[in-house]
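Please read the structure below before turning to the comments.
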Amino acid sequence: MSGQAIAVPVAPPRVSRPRSTWKLSGARRLLVPILLVALWQGAADAGFVSTRLLAPPNAIAVAAWELIVSGELPYHLLVSLQRVAIGLAIALSAGVSLGLIAGLSKLGEDAVDATLQMLRALPFLALVPLFILWLGIGEATKIALVALGATFPIYLTLFGGIRGVDPKLIEAGRIFGLDRWGLIRHVVLPGALPQALVGLRYALGTAWLSLVVGEQINATAGIGFLVMDAREFLRIDIILVGLLVYALLGLGADQLVRMLERRALAWRPSLIQEG
């Protein structure tokens, strides 16, 4: 037996994804939107789509350029970004704190989960009059709507992620001598991170939807104000510019979280085949 070599299993090296593969993936993701825009423009040129009801892409591009050159679009965009950033920061603080309280303790779950589930079930628009009475029609109401809408996805996914950690991993941590704090830090929170990041993606989308509602409440600036003002003058092209900005902001925020996922979850094996 002494002359036989003992085979020791070695983990396969982690292969980084080539930069060219990332570029190819990005190009494929843009292919369908580009085709849809081309079809839209072709239908408008052929007269199949009324330009009075739906402005063609070239008219939208011209309107967007005019708004950028005048400085109007950057100004309104900056105001909307500031509202979302503040509201999302509040939502992250509240959602993560409540998720940890409910997820790590049965007593904490009994204390906060039922209340949050009832609040989550309330019609979102029904709360707008209350917020106006409580906070007025200024910035506080708009930020509060964003924070409220984004808190629930963060809380629910973090709570579900913590409770969904494999018990075998927790048992293995105990065998290695980890105390409760060590289990939370090294086992529970890393195990809940994938679902928590999915919740962050949902929260970003909900934040922008909440902002659309908030910026219709006595707003004097913001993308929502720009859209509502264009409605008064029947500027379909500017309305579509505003909607396009919302869509691009949502896509950009989602891509940022996806990049964060790739870095934070580099340890997790992927079942998705490249190519």
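The values are calculated or read from the model by the stated rules, or taken from the named source; none is laboratory data. Quick caveat, the model's predicted, so the values are computed rather than measured. FYI the Cβ positions are ideal-geometry reconstructions off the backbone, even for glycines, and counts take in every protein chain you see.
Table for the structure above
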{"read-out": "Top-ranked residue of the stretch 223-235 - restricted to ones that are surrounded by 15 or more Cβ atoms within 10 Å (Cβ to Cβ) and closer than 14 Å to ALA63 by Cβ, ranked as farthest from the chain's Cα centre (by Cα)", "value": "ARG235"}
{"read-out": "Filter result for the condition that a residue is surrounded by 18 or more Cβ atoms within 10 Å (Cβ to Cβ) and free of Cβ contacts under 8 Å to residues at least 60 places away in the same chain, over THR206, THR220", "value": "THR206"}
{"read-out": "For ALA61: the one exception among (1) out of contact with any Pro (no Cβ under 9 Å at 6 or more places or on another chain); (2) surrounded by 11 or more Cβ atoms within 10 Å (Cβ to Cβ); (3) over 13 Å from ASP237 (Cα atoms)", "value": "(3)"}
{"read-out": "Residue count, the stretch 196-222 (criterion: of a type in the set (Ser, Thr, Tyr) and over 22 Å from the mean Cα position of the chain (by Cα))", "value": "1"}
{"read-out": "Failed criterion for PRO57 (all others in (1) within 19 Å of ALA196 (Cα to Cα); (2) in contact with a Phe, Trp or Tyr (Cβ under 8 Å, 6 or more places away or on another chain) hold)", "value": "(1)"}
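For (1) modelled with pLDDT of 85 or more; (2) aromatic (Phe, Trp, Tyr); (3) over 20 Å from ARG83 (Cβ atoms); (4) not in a helix (DSSP H, G or I), each residue gets a yes or a no:
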site: VAL198; (1), (2), (3), (4): yes, no, yes, no
site: LEU211; (1), (2), (3), (4): yes, no, no, no
site: PHE225; (1), (2), (3), (4): yes, yes, no, no
site: MET228; (1), (2), (3), (4): yes, no, no, no
site: TYR246; (1), (2), (3), (4): yes, yes, no, no
site: VAL257; (1), (2), (3), (4): no, no, no, no
site: LEU260; (1), (2), (3), (4): no, no, yes, no
site: TRP267; (1), (2), (3), (4): no, yes, yes, yes
site: LEU271; (1), (2), (3), (4): no, no, yes, yes
